[in-house]
Amino acid sequence: MIFRTATREDLPAVLALLADEGQEPAALGEARERAFADIEADPRNELLVLTDGDEVLGCLQLTYIPGLGQGGRERALVEAVRIRADRRGGGLGAKLMELAVERARERGCGLVQLTSNKRRADAHRFYERLGFARSHEGFKLALTR
């Protein structure tokens, strides 16, 4: 298995992973093409995939946020963590997160943070097993529908 930066060719598989839970449509479209190009061009953003041959088994996005806290070190924000449904339960999610944490550590980040939908109790137990603490209550304000 290989952990690497996603390429444009990976985008349909990544969108399928995001759509797997019924929260997002898998359609590519101009807005997603633009979003991928923006992520790819931004040194503070990485869309990463875990692959086995040509198959994308998992993905996540890391965003590095500068700030005055944490001694001025960046924090890594983990988003869109997904493992293909037929490969869940075999440790791939833990491996994907370990690799992401190591990537943040190598970059010198002071912490790794993430949010998770309150309805995803299994995901919460998963993150806690990896050492993440429920330290804050999150809030969101949708600007579009």
(request) Would you mention how many residues in segment 84-99 are closer than 19 Å to ASP122 by Cβ and in contact (Cβ under 8 Å) with a residue 40 or more places away in the chain? (result) 5
(request) Please find, within segment 114-145, the residue that is farthest from ALA85 (Cα to Cα) out of those that are open to solvent by less than 60 Å² (accessible area, probe 1.4 Å) and not in a loop (DSSP other than H, G, I, E, B). (result) LEU114
(request) For segment 67-78, indicate whether the set of residues that are among the charged types (D, E, K, R), open to solvent by less than 50 Å² (accessible area, probe 1.4 Å) and either in a loop (DSSP other than H, G, I, E, B) or in contact with a strand residue (DSSP E or B) (Cβ under 9 Å, 6 or more places away or on another chain) (or both) is non-empty. (result) yes
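The values are calculated or read from the model by the stated rules, or taken from the named source; none is laboratory data. Note that the structure is predicted; figures quoted are calculated from it, not measured. Cβ atoms come from the backbone with ideal geometry, glycine included; neighbour counts cover every protein chain shown. Quick note on the areas: whole protein, heavy atoms, side chains included, nothing else; ligands and nucleic acids left out. Shrake-Rupley method; radii C 1.70, N 1.55, O 1.52, S 1.80 Å.
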